[in-house]
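The values are calculated or read from the model by the stated rules, or taken from the named source; none is laboratory data. Since the model is a prediction, treat every value here as computed from it, not as a measurement. Virtual Cβ from ideal backbone geometry, glycine too; neighbours counted across all protein chains shown. Surface areas here come from the heavy atoms of the whole protein model, side chains and all, with no ligands, DNA or RNA. Shrake-Rupley method; radii C 1.70, N 1.55, O 1.52, S 1.80 Å.
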Amino acid sequence: MKKPGRAASTAPCLSRPAGLFFFAVATALAPSPVNAGEADVVAVEIIADGDGAHRFDVTVEHGDEGWDHYADRWDVLDDAGKVIASRTLLHPHVNEQPFTRRLSGVALPEGLGHVTVRAHDSVHGLGGRTMRVAIPGREGEGG
């Protein structure tokens, strides 16, 4: 005899292994610092300062999540991969994406026709999208 007040459930019942599988999938898809990805350089403008130095306006895109995971630097490299200049980013840009920051007074070696700009983040380090850019007035020089 059935107990009064208790209806039989028609909801499907998940076995423990199936429930653990769905929990694992949901956990893997949940936002985490790793999901923010690597920092990407999305635009670079190089302007000659007139005194032989150059100004770099670099736009970076990254899923900054706060102080534990944010784009924290970008670098200017020569053709051999040597760092010519770096701009340290002192705080996260959670609500400002993509963002542009400037670095002035960059002395570029003679004969260099192009530079590569890369970004860095506090979790992944290097590895996002880079940009190779011609130096204005020097496009025919170097590699």
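Things to note:
- Answer from 101, 132, 138 - the residue that is open to solvent by 60 Å² or more (accessible area, probe 1.4 Å) and of a type outside the set (Gly, Ala, Ser): 132
- Cross-chain or 6+ apart pairs with Cβ under 6 Å, the range 60-74 first and closer than 15 Å to residue 126 by Cβ, then basic (Lys, Arg): 74/87
- Unmet requirement for residue 113, which otherwise passes all of (1) surrounded by 15 or more Cβ atoms within 10 Å (Cβ to Cβ); (2) modelled with pLDDT under 85: (2)
- Subset of the range 45-60 that is among the charged types (D, E, K, R) and modelled with pLDDT of 90 or more - its residue that is most open to solvent (accessible area, probe 1.4 Å): 45
- Selection from the range 45-68 of residues that are in contact with a strand residue (DSSP E or B) (Cβ under 7 Å, 6 or more places away or on another chain) and within 15 Å of residue 96 (Cα to Cα): 58, 59, 60, 61, 62, 64
- Residue 92 satisfies every condition listed in (1) open to solvent by less than 30 Å² (accessible area, probe 1.4 Å); (2) modelled with pLDDT of 85 or more except (2).
- In the range 66-86, the qualifying residues are those that are modelled with pLDDT of 95 or more and in a strand (DSSP E or B), and the one that is farthest from residue 45 (Cα to Cα) is 83.
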